[in-house]
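Take a look at the structure below.
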Amino acid sequence: MIHNFTITSINHILSLTAKLTLDPKLFLLESYYSGRMAQHNSSKSNAAQTVHQVPGFGSEEMERIAEHTFQRYTLPSKRKLGKGVAMVWFRNDLRILDNEVLYKAWVSSEVVLPVYFLDPRLFATTHHFGFPKTGALRAQFLMDCLADLKKSLMKRGLNLLIQNGKPEEILPSLAKAYGVHTVYAQKETCSEELYVEKLVSQALRESGTKLELIWGCTMYHIDDLPFSSKSLPDVYTQFRKSVESKSVVRGCIKIPTSLGPPPNVGDWGCIPEITSLELRQEKVSKGMAFVGGESAALSRVNEYFWKKDLLRTYKVTRNGMLGPNYSTKFSPWLASGSLSPRFIYEEVKRYERERESNDSTYWVLFELIWRDYFRFLSIKEGNSLFQVGGPRKVQTTWSQDRVLFDAWKDGQTGYPLIDANMKELSTTGFMSNRGRQIVCSFLVRDMGIDWRMGAEWFETCLLDYDPCSNYGNWTYGAGNIPQYSVLFAEFLHYLFAFPIWSRDVMSTMIKWSDYFIGVGNDPREDRYFSIPKQAQNYDPEGEFVAYWLPQLRALPKEKRHFPGMLYIKPIVALKFGNKKPVDNRTMAPGTRRVSTEVNKWKSHRGKRMQ
Ligand SMILES: Cc1cc2nc3c(=O)[nH]c(=O)nc-3n(C[C@H](O)[C@H](O)[C@H](O)COP(=O)(O)OP(=O)(O)OC[C@H]3O[C@@H](n4cnc5c(N)ncnc54)[C@H](O)[C@@H]3O)c2cc1C
Ligand SMILES: Nc1ncnc2c1ncn2[C@@H]1O[C@H](COP(=O)(O)OP(=O)(O)OP(=O)(O)O)[C@@H](O)[C@H]1O
């Protein structure tokens, strides 16, 4: 069931959340959840301004689903051999199911001390363009995750210590005060996180405590790859085929029934209001409102796979843009670590055994392998993933025109498909994969803007922000990952897999010849997404744009994507809007060279138009 609720209800929820102060006593957490959800449940669906809660369950139902899932993953009581106190430093692994960090700390000690640091660096600004590092919606999602984790730990005889500050400054004194022999934490891969790991390791060494970093964020474990991450294939397909044939996804780590006894902590700390992090409360006024936390994550898996049976058709629907049903929406929980990709894997396999195995069930795993790929790529490529030329070190002059960029960011470009997607992003913290590819292509290719501005804005807004997937996809979209080698490898694979006289091969060769011509050209011409074509294929009725730009709803469906004078004037012409490619960097903003006629869509030409 999807709960629709009004803006007023959301306001209530947010003000309730804003007033939240958590007490170690479980009943206050109970009232946090029941209060938050009562608002969701009591509200009535109201006209166009609806909000779809994801997942669409009330708090009790989510808790029931989570408990039921935990029971299937309960570790039969086992004698612990460990001694002393171990600490769990929670990072992007905010879960108890399939958490090796938590498990290792538990087996290696008599007492576990779980800690989360509200590191001020997470709430500072992005590297180049000074946007908020964490936007208000993701910050609120994070607070939900922490509240849910705290509650789960308390149910198992523990708690979560919340500390404001940098881990390297606080950990040594905590370790000393509690006699911690080892701090366990999830291993990260990007330079900002590696820097913190280095500082923590140095600080702990001085106090004689060990730091043990454990791999935990991918579906395939790094130790099970058939190659070292430094020799990761440049081509996704090679990577995927190799891991699929040579590696096995490890089983989920189970949860001990009791994680106690807890250490003697006087004040476990509160989950703060996001205003105390210098963020303004933001309300989700329409679209999807995601509930943070592991209980919600497990409930979403249950809803998408089992209750609504949407896994059966995922491959057909996954390119949609409107509503909670076209794709899994697992990404926000995966990014915060409140959902394990191995758990998703096991649920897909269970679904295949119990219901059906088809292209769609496989395709969720195919997409999760993309996620793994970008994670491992961040090890191989290091900081080049964040640099303007990307791993290819492409030399291109990009514009950093603030007027153009702000029009993109604020959904004011004059192209409804771009504007609707950008409004969804700022209103909800989410955008479909299709939408992300389209707005990325528009910013980079039609506007000629520095792709890092787009990537940093995504970093601010996305609930599912993950440095590897975000910067990986942006560099890929900006043409900074060697796509000609991708195609060449695909070509060879195809050549050897099929007889040369096959008609498919011949037509594919003709198609691919276009890619080879472009080698060495301006990368902005790679992966061009034609707006008319995308609109026609993925929003033919104009429902998505009319949802986010209600002023377009009154127009005939075929006019909604190109409303002409009835909408904002397009801020730039489309690069391939006319027959000849246009370099927008030489055009004054406001110049309009785009065909607005729907029946001219098919005449739009562009190299590599998707
Ligand atoms: C410019 C751009 C930026 C992106 N930034 C992020 C980001 O910061 N964090 C993030 O998780 N994803 C990012 N993606 C990938 C993708 O858009 C989202 O993972 C997806 O839209 C999330 O929705 P979903 O969970 O319903 O996906 P589904 O279609 O249901 O896919 C299932 C899961 O597979 C993984 N996945 C799917 N597509 C990709 C992909 N292209 N790359 C990596 N993993 C993928 C995700 O974990 C996703 O949850 C980005 C894509 C683009 C084009
Ligand atoms: N987790 C992360 N999220 C976002 N950005 C990250 C993350 N980890 C590393 N980075 C980025 O990686 C880059 C570090 O690379 P590098 O040291 O080459 O850049 P820099 O020299 O600081 O950049 P510049 O010379 O352009 O100022 C920075 O842009 C940093 O913000």
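The values are calculated or read from the model by the stated rules, or taken from the named source; none is laboratory data. Quick caveat: nothing in here was measured; it's all calculated off a predicted structure. Methodologically, a virtual Cβ is constructed for each residue, glycine included, from the backbone with ideal geometry; neighbour enumeration extends over all protein chains shown. What goes into the accessible areas is simple: the full protein's heavy atoms, side chains included, and nothing from ligands, DNA or RNA. Shrake-Rupley method; radii C 1.70, N 1.55, O 1.52, S 1.80 Å.
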Long-range neighbours under 8 Å by Cβ, at least six apart or interchain, first residue of a type in the set (Asp, Glu) within region 333-353, second in a helix (DSSP H, G or I):
GLU347/VAL301; GLU347/PHE305; GLU352/THR361
Looking at region 118-132 only, could you name the residues that are closer than 16 Å to GLY165 by Cα and either in a loop (DSSP other than H, G, I, E, B) or open to solvent by less than 50 Å² (accessible area, probe 1.4 Å) (or both)?
LEU118, ASP119, PHE123, ALA124
Of the conditions (1) more than 16 Å from LYS380 (Cβ to Cβ); (2) among the charged types (D, E, K, R); (3) without any contact (Cβ under 8 Å) to a residue 40 or more places away in the chain; (4) within 16 Å of ligand 2 (Cβ to nearest atom), LYS187 satisfies every one except a single condition; which number is it?
(1)
Selection over region 550-561 where residues are more than 17 Å from TRP408 (Cα to Cα) and either part of a loop (DSSP other than H, G, I, E, B) or open to solvent by less than 10 Å² (accessible area, probe 1.4 Å) (or both) yields a count of 6
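Within the bounds of region 142-155, is there any residue that is within 16 Å of ligand 1 (Cβ to nearest atom), modelled with pLDDT of 95 or more, not charged (D, E, K, R) and not in a helix (DSSP H, G or I)?
Checked region 142-155: no residue is within 16 Å of ligand 1 (Cβ to nearest atom), modelled with pLDDT of 95 or more, not charged (D, E, K, R) and not in a helix (DSSP H, G or I).
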Say whether the condition of being farther than 30 Å from LYS286 by Cβ and in contact with a Cys (Cβ under 7 Å, 6 or more places away or on another chain) is met by at least one residue in region 142-164.
yes
Quick one: which residue in ASN537, ASN578, ASN521 is at pLDDT below 50 and either loosely packed, with under 14 Cβ neighbours inside 10 Å or in contact with a strand residue (DSSP E or B) (Cβ under 9 Å, 6 or more places away or on another chain) (or both)?
ASN521
Quickly run through region 202-247 and pick out the residues that are touching a residue at least 12 places away in the same chain (Cβ under 8 Å), of a type in the set (Ser, Thr, Tyr) and not in a helix (DSSP H, G or I).
THR209, THR218, TYR220, SER247
Filtering region 222-253 for residues that are touching a Ser or Thr at 6+ places or on another chain (Cβ under 9 Å), surrounded by fewer than 17 Cβ atoms within 10 Å (Cβ to Cβ) and modelled with pLDDT of 95 or more leaves a count of 3
VAL284 in a loop (DSSP other than H, G, I, E, B), modelled with pLDDT of 95 or more and β-branched (Val, Ile, Thr)
yes
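Looking at region 87-95, can you tell me whether even one residue there is closer than 22 Å to GLU212 by Cβ and open to solvent by 20 Å² or more (accessible area, probe 1.4 Å)?
yes
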Pick from THR317, THR313: which is within 10 Å of ligand 1 (Cβ to nearest atom), of a type in the set (Val, Ile, Thr) and modelled with pLDDT of 95 or more?
THR317
Can you confirm whether region 341-361 contains a residue that is in a helix (DSSP H, G or I), open to solvent by 30 Å² or more (accessible area, probe 1.4 Å), near ligand 1 (Cβ under 10 Å from one of its atoms) and out of contact with any Pro (no Cβ under 6 Å at 6 or more places or on another chain)?
no
Every residue from region 529-549 that is farther than 18 Å from ARG445 by Cβ and assigned to a loop (DSSP other than H, G, I, E, B):
ASP539, PRO540, GLU541, GLY542, LEU549
If we scan region 179-186, do we find a residue that is of a type in the set (A, V, I, L, M, F, W, C) and open to solvent by 20 Å² or more (accessible area, probe 1.4 Å)?
no
Give the residue, chosen from GLU61, GLU30, that is at pLDDT 50 or above and assigned to a helix (DSSP H, G or I).
GLU61
Conditions (1) within 13 Å of ligand 2 (Cβ to nearest atom); (2) in a helix (DSSP H, G or I); (3) at pLDDT 95 or above; number of the one not met by THR475
(3)
Quick one: which of GLU63, GLU110, GLU100 is open to solvent by 10 Å² or more (accessible area, probe 1.4 Å), under 30 Å from SER276 (Cα atoms) and of a type in the set (Asp, Glu)?
GLU63
For region 412-471, which fully contained helices (runs of 4 or more DSSP H) count at least 2 residues that are within 10 Å of ligand 1 (Cβ to nearest atom) and open to solvent by less than 10 Å² (accessible area, probe 1.4 Å)?
433-441, 451-461
Does LEU199 count as within 28 Å of LYS133 (Cα to Cα), of a type in the set (A, V, I, L, M), surrounded by fewer than 17 Cβ atoms within 10 Å (Cβ to Cβ) and in contact (Cβ under 8 Å) with a residue 12 or more places away in the chain?
yes
Please identify the pairs in which a residue from region 424-447 that is among the charged types (D, E, K, R) has its Cβ atom under 6 Å from the Cβ atom of a residue that is within 8 Å of ligand 1 (Cβ to nearest atom), counting only partners at least 6 apart or on another chain.
GLU424/MET431
For residues in region 133-157 being open to solvent by 10 Å² or more (accessible area, probe 1.4 Å), of a type in the set (A, V, I, L, M) and under 20 Å from ARG95 (Cβ atoms), which is farthest from ligand 2 (Cβ to nearest atom)?
MET154
Could you figure out which of (1) in contact (Cβ under 8 Å) with a residue 40 or more places away in the chain; (2) of a type outside the set (Lys, Arg); (3) not in a helix (DSSP H, G or I) isn't true of LEU311?
(3)
With criteria (1) in contact (Cβ under 8 Å) with a residue 40 or more places away in the chain; (2) within 21 Å of the chain's Cα centre (by Cα), TYR415 comes up short on (2)
I'd like the residue in region 362-403 that is in a loop (DSSP other than H, G, I, E, B) and within 15 Å of ligand 1 (Cβ to nearest atom) and, out of all such residues, is least open to solvent (accessible area, probe 1.4 Å).
GLY390
